[in-house]
Amino acid sequence: MNRTPFCALALVAIGVGVCGAQTVSPVKELRIRFGNVAARASASLQCADAIEARLRARGSTLHPQIAFLRVQIEAALDEAQAALAANDDAGASAALVRAEALIDRFGRHFGH
């Protein structure tokens, strides 16, 4: 998954928050939402990486369902990114809803 644009989108989200009075197009809103969801996913996955490293040091691994959730989150974000590139607002929105639900589920496994 190419995560390069996530930082740029997060900066756009911050800029829009500061300038709040501006009208934002639906496409721009989706891109901002994508940046926010991607940043949230990144934080959750980094937490999981740290936990997994500690478990590996003890000779254990994460539960396979958690590893599968990670793959599903990344796939949903890839799908959202592809839909945004294709100007498919409905597809991007659906993929972002799925990614958000998966991130919530993933967070429950780690107590977020």
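Is there a residue in region 19-40 that is at pLDDT below 60 and either in contact with a strand residue (DSSP E or B) (Cβ under 8 Å, 6 or more places away or on another chain) or in a helix (DSSP H, G or I) (or both)? Within region 19-40 (the criterion being at pLDDT below 60 and either in contact with a strand residue (DSSP E or B) (Cβ under 8 Å, 6 or more places away or on another chain) or in a helix (DSSP H, G or I) (or both)), the answer is yes, since at least one residue qualifies. Scan region 68-97 for residues that are surrounded by fewer than 18 Cβ atoms within 10 Å (Cβ to Cβ) and not acidic (Asp, Glu) and the total you get is 12.
Just wondering, is there one or more residues in region 67-80 that are in contact with a helix residue (DSSP H, G or I) (Cβ under 6 Å, 6 or more places away or on another chain) and at pLDDT below 85? Within region 67-80 (the criterion being in contact with a helix residue (DSSP H, G or I) (Cβ under 6 Å, 6 or more places away or on another chain) and at pLDDT below 85), the answer is no, since none of the residues qualifies. Evaluate region 88-110: report whether one residue or more is within 11 Å of the chain's Cα centre (by Cα) and among the β-branched types (Val, Ile, Thr). Yes, there is a match, as at least one residue in region 88-110 is within 11 Å of the chain's Cα centre (by Cα) and among the β-branched types (Val, Ile, Thr).
The values are calculated or read from the model by the stated rules, or taken from the named source; none is laboratory data. Since this is a predicted model, take the numbers as computed values, not measurements. Here Cβ is always computed from backbone atoms with ideal geometry, including for glycine, and neighbour counts include all displayed protein chains.
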